[in-house]
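J.: Before anything else, here's the structure in question.
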Amino acid sequence: MAWTPDQPIVSCKEVHKAFGAVEVLKGVSLDVAKGETICVIGPSGSGKSTLLRCINALVPINSGSITVEGQEVHDPKLDKLALRRKVGMVFQQYNLFPHKSALQNVMMAPVTVLKQDKAEVEQRAYRLLKKVRLEGKEQAYPGELSGGQQQRVAIARALAMNPDVMLFDEVTAALDPETVKEVLLTIRELAEEGMTCLLVTHEMGFAREIADMIYFTDRGVIVESGPPKDFFASAKDPRTKEFLSQIL
Amino acid sequence: MEWSWAFDWAREFYRETGINLTFVYDSFDRDRLARGFMNTVYLSLICLVLSVLIGIAGAWLQGSKLVWTRRIVQGYIQFFRNTPPLVQLYFFFFAVGSLMPTYENRFGMQEPMLDNFTWAVISLSFFAGAFNVEIFRSGIEAVPTSTVEAAESLGYNRLQTYRYIVLPLAFRVCLPALNNNLVNLVKTTTLAYAIAVPEMLYMANQIWSDSVNVPETMTFLLFAYVFLVGLLVWAMHSWERAMRLPGYGR
Amino acid sequence: MSRRAPRLDPGGTDLPVLLPAADHLQRRAVRERELGAAVPRLDWRHGAVLLAGLLVSAGLAQAQSGEGQEPVLEVIVRWLPVLLEGFLFNIVISFLAMAFGTLVGTWLGLMQISLLLPVRTGSWIVTQFFRNAPWLVLLFYCMFLLPFEFTIGSLTIPFPDWLKATIGLSLPVLANVSEIVRGAVNSIPSGQWEASESLAFNRRQILWMIILPQCVKRMLPPWMNLYAILTMATVLASVVGVSEMMTQAGRVLAAEDRPGLLIPIYSFVLLCFFVYCYPIARWTVALERRFQVKL
């Protein structure tokens, strides 16, 4: 079954995931169309981050199905490299490689994993770092950058693989309020350029502004979803209402 | 030879001051000292390589699922960490050595299978290796799973993740402790004197016994060791500085 | 969310790159650099293993030796006065070397933070010199080059072997004490100096009244660890022929001429050291915990 761009680029169906006895995802279904920006919100421990990790095949699922561009992610015969070329991921804790400079962090994976031409990758890395407004910081090491700067390097690093989908796992949660803005700006630009983005976030204002769809998760299930206008104005489920009343 | 001026100077120096630097002008003593020096270097290098191998093997075995494997490694570390290296050396040479089979040499004499030098290598390698096991283990444990995940999400496979991310990071974390261990090892090679291994201290001892120039040889030996160890410490610290994770620690 | 690990240096960034194991390893490296050797870590099981080793090896030696031979443990008891007399030397040497080393080393350490460049450089050179010299070479140096007696006027003071060994062993100790002092003073935040200066204390007063009292906490555990290292190193004196316990053990073995005795006697020697060092080690750990000096 060949995938065509009018089908969902990421499609989760009845995903179940348990860590030991604790069931974290209890049948989550969610579709992302190409070019869409999806925000997943919800209280801590509701399985949002786990969902992203499952989409990137960092953790295996127990049952259900996840497809990316029509390809089953949890097929044991899956070429993980091909999947990870398509899906870029940015983490809450940035997870830059501290022994490499910003430029090297961006260049490493395309050069060593994809075996791309070094000179070409270097040009692309400079371009990407400029895009995330880190011109002049190419030679700095992660330890010498602020949290916001590190997070933007991490975004550039994920983009260097030329992914079709970007996953953002609470990327602003570890940052101080000053630097949150610069990271969000970068993500917004990406979304506006038509990159498919799947964000797990606590930034409600930001979600309302850029999301095409908002999903609310609680205790491993998707409780409610809808376009931001409807979602924030007229949430129906009591759990959603309670959550929103605490946040807003 | 172009060094003859130095030999002449040492002879002249002896005539004028009575300070007898036989290890400079006397070719026999000079050779002995050079041989001692080479043996010290040789001993240090072999023990360094073996102790690193022991460290890797031990760190790997410590991750074993078998309780007894882990206990044996732990017992090994505890023994070598908490006893004086001299006792370890005697233990290997006299106790274990006496249990080893002997063979008949070409003069019809019984000779032990392993010579003193080998026993020193075994003893010192196990001594330094015990510390390396702990160091390597902590080094690997220091790399968070989230960093490994980040590498995986960029498409690195298991081997590449280890090669490009985990091991380089772990190595940097280990380096200061490893260097301490190496410097310590070089200093500890002097103990091989106690079982008559012809390293630098032993050879110097022979020189001052034969040529009766204890203060001269002794002083030279002390300064030679301080210089060599100082050089090693300096080189290792420069290396550490170069390998430091920028932005972390001092 | 996921774990927030402590970072390598609180002053750096907010990125948790490395887990506590890295922190632990770094502290350990810094500490061992001050002490110039790895710190022994004794627990009661080591004593139990040594005792078991002694009994088992004695039993084995017993089984191997022929009829009518004296039981191994009785041999040890018979030689006990000789062995313990040797052990007394170990303790006395370690005590005196520590005392002398601490006295000189503390001054040397304070000189290392002097404002006068020549004093600072000079004491740094002396410290590094004795830190880099192998213990055994320093021991040889003192054994062979110190006179066997001193003559002051008509008074002749004998200078026995064990005293020379004490001086030889105190040299590396003083260098390491110097490093411990320097490290401790440098670990006090500069705010303490600034605050004291703003209260018009002079440098000497700041050092003795404000900085050093705070350092004691930090210095005591490494100082005690250094003592443990020194006590273990006193067996080196046997290489230069001082009649300490290892030497005596060798003499006992030579006198008895029973190969089976080797392991029991050595086990006994180690057991004596354990009995002496174990309480000190426990105390050190307790102090470390109390002063919250993380290992």
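The values are calculated or read from the model by the stated rules, or taken from the named source; none is laboratory data. As the structure is a computational prediction, the values presented were derived from the model and not from experiment. In this analysis, Cβ positions are derived from the backbone assuming ideal geometry, glycine residues included, and neighbour counts consider all displayed protein chains. The accessibility values were calculated without ligands, DNA or RNA, using every heavy atom of the protein model including side chains. Shrake-Rupley method; radii C 1.70, N 1.55, O 1.52, S 1.80 Å.
J.: Out of the residues in segment A:67-113 that are within 16 Å of A:F168 (Cβ to Cβ) and in a loop (DSSP other than H, G, I, E, B), which is nearest to the other protein chains (Cβ to nearest Cβ)?
T.: My answer is A:N95.
J.: Do we have any residue at all in segment B:149-171 that's in contact with an Asp or Glu (Cβ under 8 Å, 6 or more places away or on another chain) and either assigned to a helix (DSSP H, G or I) or of a type in the set (A, V, I, L, M, F, W, C) (or both)?
T.: Yes, because at least one residue in segment B:149-171 is in contact with an Asp or Glu (Cβ under 8 Å, 6 or more places away or on another chain) and either assigned to a helix (DSSP H, G or I) or of a type in the set (A, V, I, L, M, F, W, C) (or both).
J.: C:A52 fails exactly one of the following numbered conditions: (1) within 29 Å of the chain's Cα centre (by Cα); (2) modelled with pLDDT under 80. What is the number of that condition?
T.: The failed condition is (2).
J.: Determine, yes or no, whether A:T179 is assigned to a helix (DSSP H, G or I), more than 12 Å from A:C39 (Cα to Cα), of a type in the set (S, T, N, Q) and open to solvent by 10 Å² or more (accessible area, probe 1.4 Å).
T.: yes
J.: For the subset of segment B:15-27 comprising residues that are farther than 22 Å from B:T190 by Cβ and in contact (Cβ under 8 Å) with a residue 24 or more places away in the chain, which member is least open to solvent (accessible area, probe 1.4 Å)?
T.: Within segment B:15-27, the match that is least open to solvent (accessible area, probe 1.4 Å) is B:N20.
J.: Among the residues of segment C:14-47, write down those that are more than 7 Å from every other protein chain (Cβ to nearest Cβ), within 23 Å of the chain's Cα centre (by Cα) and either surrounded by fewer than 17 Cβ atoms within 10 Å (Cβ to Cβ) or in a helix (DSSP H, G or I) (or both).
T.: Matches in segment C:14-47: C:R27, C:V30, C:R31, C:E34, C:L35, C:D43, C:W44, C:R45, C:G47.
J.: In segment B:197-211, which residues are open to solvent by 20 Å² or more (accessible area, probe 1.4 Å) and either away from chain C (no Cβ under 12 Å) or in contact (Cβ under 8 Å) with a residue 40 or more places away in the chain (or both)?
T.: B:P198, B:Y202, B:Q206, B:D210, B:S211
J.: Further question on the same structure: Of all residues in segment B:165-185, which are out of contact with any helix residue (DSSP H, G or I) (no Cβ under 6 Å at 6 or more places or on another chain), at the interface with another protein chain (Cβ under 7 Å from one of its Cβ atoms) and either aromatic (F, W, Y) or open to solvent by 10 Å² or more (accessible area, probe 1.4 Å) (or both)?
T.: B:P168, B:N184, listed by residue number.
J.: Output the residues belonging to segment B:114-128 that are open to solvent by 70 Å² or more (accessible area, probe 1.4 Å) and in a helix (DSSP H, G or I).
T.: B:F126
J.: Something else about it: State all residues of segment B:89-115 that are farther than 24 Å from C:Q64 by Cα and out of contact with any Gly (no Cβ under 9 Å at 6 or more places or on another chain); if no residue qualifies, say none.
T.: B:L89, B:E104, B:N105, B:R106, B:F107, B:G108, B:M109, B:D115
J.: Scan segment C:138-157 and give yes if some residue there is closer than 23 Å to B:N180 by Cβ and either surrounded by 17 or more Cβ atoms within 10 Å (Cβ to Cβ) or within 14 Å of chain B (Cβ to nearest Cβ) (or both), otherwise no.
T.: The answer is yes, given that some residue of segment C:138-157 is closer than 23 Å to B:N180 by Cβ and either surrounded by 17 or more Cβ atoms within 10 Å (Cβ to Cβ) or within 14 Å of chain B (Cβ to nearest Cβ) (or both).
J.: Looking at segment B:28-65, which of its residues are within 21 Å of B:D115 (Cβ to Cβ) and open to solvent by 80 Å² or more (accessible area, probe 1.4 Å)?
T.: B:D31, B:R35, B:M38, B:Y42, B:L45, B:V49
J.: For segment C:102-135, which positions are surrounded by 20 or more Cβ atoms within 10 Å (Cβ to Cβ) and more than 12 Å from C:S170 (Cα to Cα)?
T.: Hits for segment C:102-135 are C:L108, C:G109, C:M111, C:Q112, C:S123, C:T127, C:N132, C:A133, C:P134.
J.: Out of the residues in segment C:104-133 that are under 22 Å from C:C215 (Cα atoms) and within 15 Å of the chain's Cα centre (by Cα), state the one that is farthest from the other protein chains (Cβ to nearest Cβ).
T.: Taking the candidates together, the pick is C:G105.
J.: Give the residue, chosen from B:F136, B:F93, B:F131, that is assigned to a helix (DSSP H, G or I), out of contact with any Ser or Thr (no Cβ under 6 Å at 6 or more places or on another chain), open to solvent by less than 30 Å² (accessible area, probe 1.4 Å) and more than 14 Å from chain A (Cβ to nearest Cβ).
T.: B:F131
J.: If you go through segment A:114-140, how many residues are small (G, A, S), in contact with a Pro (Cβ under 9 Å, 6 or more places away or on another chain) and assigned to a helix (DSSP H, G or I)?
T.: 1
J.: Given (1) within 7 Å of another protein chain (Cβ to nearest Cβ); (2) modelled with pLDDT of 90 or more; (3) surrounded by 24 or more Cβ atoms within 10 Å (Cβ to Cβ), identify the lone condition not met by B:A194.
T.: (3)
J.: Within the group A:G27, A:G20, A:G35, which residue is open to solvent by 10 Å² or more (accessible area, probe 1.4 Å) and without any contact (Cβ under 8 Å) to a residue 12 or more places away in the chain?
T.: A:G20
J.: Further question: On the basis of being out of contact with any Cys (no Cβ under 8 Å at 6 or more places or on another chain), surrounded by fewer than 22 Cβ atoms within 10 Å (Cβ to Cβ) and closer than 23 Å to C:T234 by Cβ, does C:P160 make the cut?
T.: yes
J.: Just wondering, is there one or more residues in segment C:199-216 that are crowded, with 22+ Cβ neighbours inside 10 Å and either in contact with a Leu (Cβ under 9 Å, 6 or more places away or on another chain) or in a helix (DSSP H, G or I) (or both)?
T.: no
J.: Report yes if some residue within segment A:3-14 is out of contact with any helix residue (DSSP H, G or I) (no Cβ under 8 Å at 6 or more places or on another chain), of a type in the set (V, I, T) and assigned to a loop (DSSP other than H, G, I, E, B); otherwise report no.
T.: The answer is yes, given that some residue of segment A:3-14 is out of contact with any helix residue (DSSP H, G or I) (no Cβ under 8 Å at 6 or more places or on another chain), of a type in the set (V, I, T) and assigned to a loop (DSSP other than H, G, I, E, B).
J.: Next up: Quick check on segment A:143-154: of everything there that is open to solvent by 10 Å² or more (accessible area, probe 1.4 Å) and of a type in the set (S, T, N, Q), which residue is nearest to the other protein chains (Cβ to nearest Cβ)?
T.: If we take residues in segment A:143-154 being open to solvent by 10 Å² or more (accessible area, probe 1.4 Å) and of a type in the set (S, T, N, Q), then A:S146 is nearest to the other protein chains (Cβ to nearest Cβ).
J.: Something else about it: Among the residues of segment C:59-92, which ones are within 14 Å of chain B (Cβ to nearest Cβ) and at pLDDT below 90?
T.: Of everything in segment C:59-92, those that are within 14 Å of chain B (Cβ to nearest Cβ) and at pLDDT below 90 turn out to be C:L60, C:A61, C:Q64.
J.: How do the pairs read when you match residues in segment C:196-214 that are within 14 Å of C:L115 (Cα to Cα) with residues anywhere that are among the aromatic types (F, W, Y), using Cβ under 8 Å and keeping only pairs 6 or more apart or on different chains?
T.: What qualifies is C:I206/C:W193.
J.: Against the conditions (1) touching a Ser or Thr at 6+ places or on another chain (Cβ under 7 Å); (2) outside any helix (DSSP H, G or I); (3) within 12 Å of chain A (Cβ to nearest Cβ), where does B:E111 fall short? Just the number, please.
T.: (3)
J.: Yes or no: segment A:122-142 includes at least one residue that is within 10 Å of another protein chain (Cβ to nearest Cβ), of a type outside the set (V, I, T) and open to solvent by less than 10 Å² (accessible area, probe 1.4 Å).
T.: yes
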